[in-house]
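See below for the structure under consideration.
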There are 4 protein chains.
Amino acid sequence: MDAPQEPIRDIAHLGHVELLTPRPEQSLWYFRDLLGMEVAHREGQSVYLRGWGDYAASTLKLTEAKHAGVGHIAWRAISPQAMERRAAAIERTGLGIGWSNGDFGHGKCYRFRDPDGHLMEVYYEEQKYEPPENLRSALRNQPQKFTGRGVGVRRSDHLALLCRDVAGNRAFVEQTLGCQLREQVRFDNGTKEIGSWLSTTAMHHEIAYVVDRKGLSGRLHHFSLWVDNRDDVLRAADLFTENGIFIEAGPSKHNNSQAFYLYSYEPGGNRIEVYTAGFFVFAPDFQPIVWDEKTRGGGVYWGAALPESFMNYATPDLPETSAQAGGNLPVIDPR
Amino acid sequence: MDAPQEPIRDIAHLGHVELLTPRPEQSLWYFRDLLGMEVAHREGQSVYLRGWGDYAASTLKLTEAKHAGVGHIAWRAISPQAMERRAAAIERTGLGIGWSNGDFGHGKCYRFRDPDGHLMEVYYEEQKYEPPENLRSALRNQPQKFTGRGVGVRRSDHLALLCRDVAGNRAFVEQTLGCQLREQVRFDNGTKEIGSWLSTTAMHHEIAYVVDRKGLSGRLHHFSLWVDNRDDVLRAADLFTENGIFIEAGPSKHNNSQAFYLYSYEPGGNRIEVYTAGFFVFAPDFQPIVWDEKTRGGGVYWGAALPESFMNYATPDLPETSAQAGGNLPVIDPR
Amino acid sequence: MDAPQEPIRDIAHLGHVELLTPRPEQSLWYFRDLLGMEVAHREGQSVYLRGWGDYAASTLKLTEAKHAGVGHIAWRAISPQAMERRAAAIERTGLGIGWSNGDFGHGKCYRFRDPDGHLMEVYYEEQKYEPPENLRSALRNQPQKFTGRGVGVRRSDHLALLCRDVAGNRAFVEQTLGCQLREQVRFDNGTKEIGSWLSTTAMHHEIAYVVDRKGLSGRLHHFSLWVDNRDDVLRAADLFTENGIFIEAGPSKHNNSQAFYLYSYEPGGNRIEVYTAGFFVFAPDFQPIVWDEKTRGGGVYWGAALPESFMNYATPDLPETSAQAGGNLPVIDPR
Amino acid sequence: MDAPQEPIRDIAHLGHVELLTPRPEQSLWYFRDLLGMEVAHREGQSVYLRGWGDYAASTLKLTEAKHAGVGHIAWRAISPQAMERRAAAIERTGLGIGWSNGDFGHGKCYRFRDPDGHLMEVYYEEQKYEPPENLRSALRNQPQKFTGRGVGVRRSDHLALLCRDVAGNRAFVEQTLGCQLREQVRFDNGTKEIGSWLSTTAMHHEIAYVVDRKGLSGRLHHFSLWVDNRDDVLRAADLFTENGIFIEAGPSKHNNSQAFYLYSYEPGGNRIEVYTAGFFVFAPDFQPIVWDEKTRGGGVYWGAALPESFMNYATPDLPETSAQAGGNLPVIDPR
């Protein structure tokens, strides 16, 4: 049993994410032809994608839906026992849904919602990628050949969610998943938690919760894909401009995380970040960084301040009034 | 108690390394003026150095000694309890030395030797870096100002040790420290373990064991420092050439780890790698990659094959006959 | 005599530029310690600087003056005869000043003003850089050792001038110096020339004229220094932020020239660009690109639109009313 | 008339090159799918290619032939008069062939051979590239959309020829074309000219002559394509390795030219360089750099010494004995 003062280390990493799109063909073009991802599988209304450096069979599931947004978010446990421990911990919170038989690429999983309603799951068994002959790498430790198509994103990295109550959702993933807090934005003399960035690995963050200014729930701020070099981010800027993809911010450097980034909207409407660098956290006693109104500045280390849309736009892009009408949860989960 | 089938996750990361040098002034010039590290502290015959992005007070201790080589290697535990557990596990192997009161930058530690005689320690308490005014960063999540001097290495990354028995030393750090095996070179139909690369974090490797062709023990193959961009590795090549530093190999890309590297000899004789990229390992069931005579090739993905000296030279650079004379352990530890 | 339809090819390149600063010590710190330039010579109120890759003894003269701005702009002829031809052509315009005996680093020159009053000169004899022992490069075709200090700008590249009448000044350098027009911004259905970019070499531009919104004359918009890699521009952004230097725009990519840029203000007030890439022009019949209100957009290919200050601020930073009071020419030339 | 001491400035730049290949389909795959060039035109046994940043309709003609090698080399004059002047100067040497009506992409030209027999031409009229709708760039000063396919070479850059008599061929292009000597390798106390690098623009070199160790004539050492960033050279190394293309040398940095390079063999057998950086020459009195046995070293600034094949292999790859049999000129020109 874990001693109370020791960290929970049951989650290995953010495993995969499902994005919803009302324009599946155009979204697929964006992820495959511009970002350079590969299609690993198709099933029903979904296409399963992967970066050339992903070891799992698929890390991004793209599903046709009425509205854009995030379908579900999957965390991989470090062992079957760890999965069971996490499921039990979640069940105690009353937010559990139950066991599922899995999906393409992974085995059984325990499904649940975070307090804001985002659908999540914990799983352990995962299918490794077995490339077809034409995608076999010359290097035996690479899961797939680097194809040189488009941006060439290496792997799925992290995501940021909007929510009504940052503190509540942040505490939930800390306590049930063992996510470690890395950075926070707190306004009003620290009393109002505006955003929190957390991780279960050495990567700066795997998940962020940021307050939803519209008061909606279950929404996605952005999903992020990793490239190895800052030049690849600049390459993405060229390709997006040449192909009519809206660039919202960057290429620039975040203050929070120190990462080099570019935000665009994929044709289905979801905000997608091409991302690299940033600092790693190895120290078990890392003290979370807290930013306030003054220190946060425009959210950037250098480069233009983040635009207003960055604070306001999210998917699904629903009117504010829908918050009063009972929330938007049914829209988020297409099944 | 850990269930047998679950991984040990008690070590947070490789904490710091002590290098020995017979030419302390010139070695300091190399690390400070060319690589761009900062001096955090001086004590006795030692200078304590740090990369601008290291969160610890110091990650590289440089100590004057008769011969070059590695002084000691320190692993940081995730908690005081984890430190105790590791100390107990090591003690059971008979290779434990005992508790020490610590050193500049960290608290008490448990000292031991690996089977090949390299001096190691496990500690938990660590002093965070508090920059003087002139080295305070504009960014509150950076431990230190980026100074723009020389190569500008960000942080200490990993090291590679030579040893007589790779399998034995590899198994020792797996079983006592919970290091995860990432890649191996095995010759003679897999019967002869030539080298093994292991890690306790998501980084590809923190420690490597490679067979010592001279049959000596306790030697260092190389110590490695991280830069954020491949351009920084190329920058190092320019600076080394302009300053008469011997470049042994690279800039090039490893097959093992896929990292981009440059090997040079610091003036004291130790082989130092400037290093970036490489793949991360998050999967708890990552299957170690095994290379053989054929697949290994010249040890590179592209770029020139690694030269003979890379296979033969290590520090201390002692004659082969010293192996028969009882080993070189006394040389390694200067105290 | 030149046949009318053949281009004048008498100017080899923009030779050197003199910048004025009311804060000489701080400006020197910026160019030497942050940008990494070397001091080649000091004389009177001037310091003569150079990038590590400049073949000339000095390409930037920094002179103490009451106001920031540009002192003079020097063009190098391809031969003594070419210098004479250009002097004769300029003399015919009535804007000539006369022959001067030269300055540190170059021989006699013919001085003149462009129609807007900026002081210029044409010269041929130039002193090559002879590095002191400690700055001698390991590579015999490099004029100086790469020191790895700060940004490490390679060489002086180009400058942009504000003026009252873009068309008149543009035509003047075309006709007297043989500058080739590369790109233009024209508003009001092409009737109003807002800015023109010209060059005498394969580089995209060496000089630009942009309309002075305040109606002043003789002012400098920016002076630009070349780095070899986009990573060096990003490095500059880090160093400027860490050292309290105001970044006005970038890192980003221009639409005009396609170059990757970063604009900052040196402590004396002059706007300085760190610059790389951009396209080369080799074709003798290159058709100048014309942008209008719509196609110009924010002046960027990607990245944030250029801020208002970019349109309004220049050095010397004088009040608009000084235009009525007879111009600011005496301020520009400190002698 | 040009004064004797003034440089000839009649050639604008190296215009285009024709490569011969015995494996046209595989060569096309290499240039189009791996290097990312576009097919602009097809005619007879030739495919006309272009880099995305080439302003001309085509800069590389790929022609099926029995042996690999260079078909012809075309220089663009700065004006029709300059073309006539160069034709007259060449005719006086007795190496002229005569006027031709041109080819796809350019107007009439004067054809000749250099003393070693390489077929050359001078032309003025050139067809600018008019992209089809799907290749139109978002940026009006870019000739073509950046497609993000493969390496993404921007434009054709230079070539290196082998010859029996370096001094004679070097003097020929200096005197008839006005090429400026940039660097030389001279052995045996300067008496034996081993290689010379020359240019008509600010680029370091457009043509090189290197001694043919086999004593053959008319052969090609390599053809070189420009990329904007060193990361693109590293990208090429990845793509070549993944696609079974032989990498002969690099990625590394030349001492001569300071450029960053990668040499591979395209499937037809020609050595192709992916190339960037290097220094520009603007000074009209630039003193050519001379290297000897000792200073040349392995031909590199850093990185592995150039391999033996680099000194010996060229196209066509004919046996040494063919030199005695009367040379290989008929092989070079397929028409």
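The values are calculated or read from the model by the stated rules, or taken from the named source; none is laboratory data. If you're wondering where the values come from, they're calculated on a predicted model, not measured in any experiment. Cβ placement follows ideal geometry from the backbone for every residue including glycine, while neighbour counts extend to all protein chains displayed. Just the protein is used for accessible areas: all its heavy atoms, side chains included, with ligands, DNA and RNA removed. Shrake-Rupley method; radii C 1.70, N 1.55, O 1.52, S 1.80 Å.
At-a-glance table
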| item | result |
| --- | --- |
| Given (1) modelled with pLDDT under 95; (2) within 8 Å of another protein chain (Cβ to nearest Cβ); (3) open to solvent by less than 10 Å² (accessible area, probe 1.4 Å), number of the condition C:Gly299 does not satisfy | (2) |
| Qualifying positions in the range B:204-233 - out of contact with any Gly (no Cβ under 8 Å at 6 or more places or on another chain) and either under 14 Å from B:Asp116 (Cα atoms) or not acidic (Asp, Glu) (or both) | B:His205, B:Ile207, B:Asp212, B:Arg213, B:Lys214, B:Gly215, B:His221, B:His222, B:Phe223, B:Ser224, B:Asn229, B:Arg230 |
| In the range A:82-102, residue farthest from A:Asp116 (Cα to Cα) [restricted to those that are part of a helix (DSSP H, G or I) and touching a residue at least 24 places away in the same chain (Cβ under 8 Å)] | A:Ala82 |
| Per-region count, the range B:142-167, residues out of contact with any strand residue (DSSP E or B) (no Cβ under 6 Å at 6 or more places or on another chain) and in a strand (DSSP E or B) | 1 |
| Test: A:Ile272 is under 21 Å from A:Tyr313 (Cβ atoms), among the β-branched types (Val, Ile, Thr), surrounded by fewer than 23 Cβ atoms within 10 Å (Cβ to Cβ) and more than 10 Å from every other protein chain (Cβ to nearest Cβ) | no |
| Residue check for C:Phe282: facing chain D (nearest Cβ under 8 Å) and among the hydrophobic types (A, V, I, L, M, F, W, C) | yes |
| Test: residue in the range A:93-105 that is aliphatic (A, V, I, L, M), surrounded by 20 or more Cβ atoms within 10 Å (Cβ to Cβ), on the phi < 0 side of the Ramachandran plot and at pLDDT 95 or above | no |
| Selection within the range B:171-198 - in a helix (DSSP H, G or I) and either at positive phi or open to solvent by less than 40 Å² (accessible area, probe 1.4 Å) (or both) | B:Ala171, B:Phe172, B:Val173, B:Thr176, B:Leu177 |
| Which numbered condition D:Phe286 misses (of (1) touching a Leu at 6+ places or on another chain (Cβ under 7 Å); (2) open to solvent by 10 Å² or more (accessible area, probe 1.4 Å); (3) of a type outside the set (A, V, I, L, M); (4) modelled with pLDDT of 95 or more) | (1) |
| Positions within the range A:223-253 being more than 9 Å from chain D (Cβ to nearest Cβ) and more than 22 Å from C:Leu306 (Cβ to Cβ), in sequence order | A:Phe223, A:Ser224, A:Leu225, A:Trp226, A:Val227, A:Asp228 |
| Selection status of B:Gly117, within 14 Å of chain A (Cβ to nearest Cβ) and open to solvent by less than 10 Å² (accessible area, probe 1.4 Å) | no |
| Matching option when the condition is in a helix (DSSP H, G or I) and within 27 Å of A:Ala236 (Cβ to Cβ), among C:Thr276, C:Thr295 | C:Thr295 |
| Test: D:Gly69 is away from chain C (no Cβ under 11 Å), open to solvent by 10 Å² or more (accessible area, probe 1.4 Å) and at positive phi | no |
| Tabulated pairs, the range D:25-42, first closer than 24 Å to D:His106 by Cα, second among the polar types (S, T, N, Q), C-beta under 6 angstrom, 6+ apart or interchain | D:Ser27/D:Thr21; D:Ala40/D:Ser58 |
| Criterion violated by B:Glu18 - all others in (1) open to solvent by less than 10 Å² (accessible area, probe 1.4 Å); (2) in contact (Cβ under 8 Å) with a residue 60 or more places away in the chain; (3) more than 14 Å from chain A (Cβ to nearest Cβ) satisfied | (2) |
| Residue among A:Leu220, A:Leu139 that is within 30 Å of B:Trp302 (Cα to Cα) and open to solvent by less than 10 Å² (accessible area, probe 1.4 Å) | A:Leu139 |
| Considering residues of the range B:36-58 that are more than 13 Å from B:Leu135 (Cβ to Cβ) and part of a loop (DSSP other than H, G, I, E, B) only, the residue most open to solvent (accessible area, probe 1.4 Å) | B:Gln45 |
| Unmet criterion (only one of (1) in a helix (DSSP H, G or I); (2) open to solvent by less than 20 Å² (accessible area, probe 1.4 Å); (3) within 14 Å of chain D (Cβ to nearest Cβ)) for A:Ser257 | (3) |
| Matching entry among A:Tyr209, A:Tyr263 (being within 14 Å of chain C (Cβ to nearest Cβ), in a strand (DSSP E or B) and touching a Lys or Arg at 6+ places or on another chain (Cβ under 9 Å)) | A:Tyr263 |
| Of residues in the range B:149-177 being of a type in the set (D, E, K, R) and more than 14 Å from the chain's Cα centre (by Cα), the one nearest to B:Glu6 (Cα to Cα) | B:Glu174 |
| Which numbered condition B:Ile8 misses (of (1) more than 17 Å from the chain's Cα centre (by Cα); (2) under 16 Å from B:Tyr129 (Cβ atoms); (3) assigned to a loop (DSSP other than H, G, I, E, B)) | (2) |
| Filtered residue count, the range A:313-335, keeping only those that are open to solvent by 60 Å² or more (accessible area, probe 1.4 Å) and either at pLDDT 90 or above or not in a helix (DSSP H, G or I) (or both) | 6 |
| Which numbered condition D:Ala236 misses (of (1) at pLDDT 95 or above; (2) more than 27 Å from D:Arg182 (Cβ to Cβ)) | (2) |
| Flag for A:Glu121 being closer than 30 Å to B:Asp292 by Cβ and in contact with a His (Cβ under 7 Å, 6 or more places away or on another chain) | no |
| Of the criteria (1) within 30 Å of B:Lys145 (Cα to Cα); (2) within 13 Å of chain D (Cβ to nearest Cβ); (3) touching a residue at least 40 places away in the same chain (Cβ under 8 Å); (4) open to solvent by 10 Å² or more (accessible area, probe 1.4 Å), which one C:Thr147 fails | (2) |
| Test for C:Glu64: is it in contact with a helix residue (DSSP H, G or I) (Cβ under 7 Å, 6 or more places away or on another chain), more than 11 Å from chain D (Cβ to nearest Cβ) and acidic (Asp, Glu) | yes |
